[in-house]
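Since the structure comes first, as structure tokens, the remarks are kept for the end.
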Amino acid sequence: MHAALIVAAEEAAEHTRELPFSPVVFGVGAFVGLVAMLLVTYAFRSVGTRH
């Protein structure tokens, strides 16, 4: 049983998928997205006080 699990784990490790971009690109994209949401939120900061 253990040998079958080890063989299955080795085969799964060999068939891993590569990321389409560098991990840095994902980090920069997440940062840019969060900053964009921050700016949208900041733009509507005084809407409630006008009504």
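Tabulated data
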read-out	value
Yes/no for Val25 being surrounded by 10 or more Cβ atoms within 10 Å (Cβ to Cβ), out of contact with any Lys or Arg (no Cβ under 6 Å at 6 or more places or on another chain) and among the aliphatic types (A, V, I, L, M)	yes
Lone unmet requirement of (1) open to solvent by less than 100 Å² (accessible area, probe 1.4 Å); (2) part of a helix (DSSP H, G or I) for Val47	(2)
Which numbered condition Leu19 fails, given (1) open to solvent by 100 Å² or more (accessible area, probe 1.4 Å); (2) of a type outside the set (D, E, K, R); (3) modelled with pLDDT of 95 or more	(3)
Any hit, the stretch 5-18, residues being without any contact (Cβ under 8 Å) to a residue 40 or more places away in the chain, hydrophobic (A, V, I, L, M, F, W, C) and not in a helix (DSSP H, G or I)	no
Hits in the stretch 33-44 - residues which are open to solvent by 90 Å² or more (accessible area, probe 1.4 Å) and among the aliphatic types (A, V, I, L, M)	Leu34, Met37, Leu38, Leu39
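The values are calculated or read from the model by the stated rules, or taken from the named source; none is laboratory data. Predicted model only: the values in this text are computed from it and were never measured. Using ideal geometry, Cβ is built from the backbone for each residue, glycine included, and neighbour counts are taken over all protein chains shown. Ligands, DNA and RNA are stripped out before the accessible areas are found, and what is left, the full protein with its side chains, is counted by its heavy atoms. Shrake-Rupley method; radii C 1.70, N 1.55, O 1.52, S 1.80 Å.
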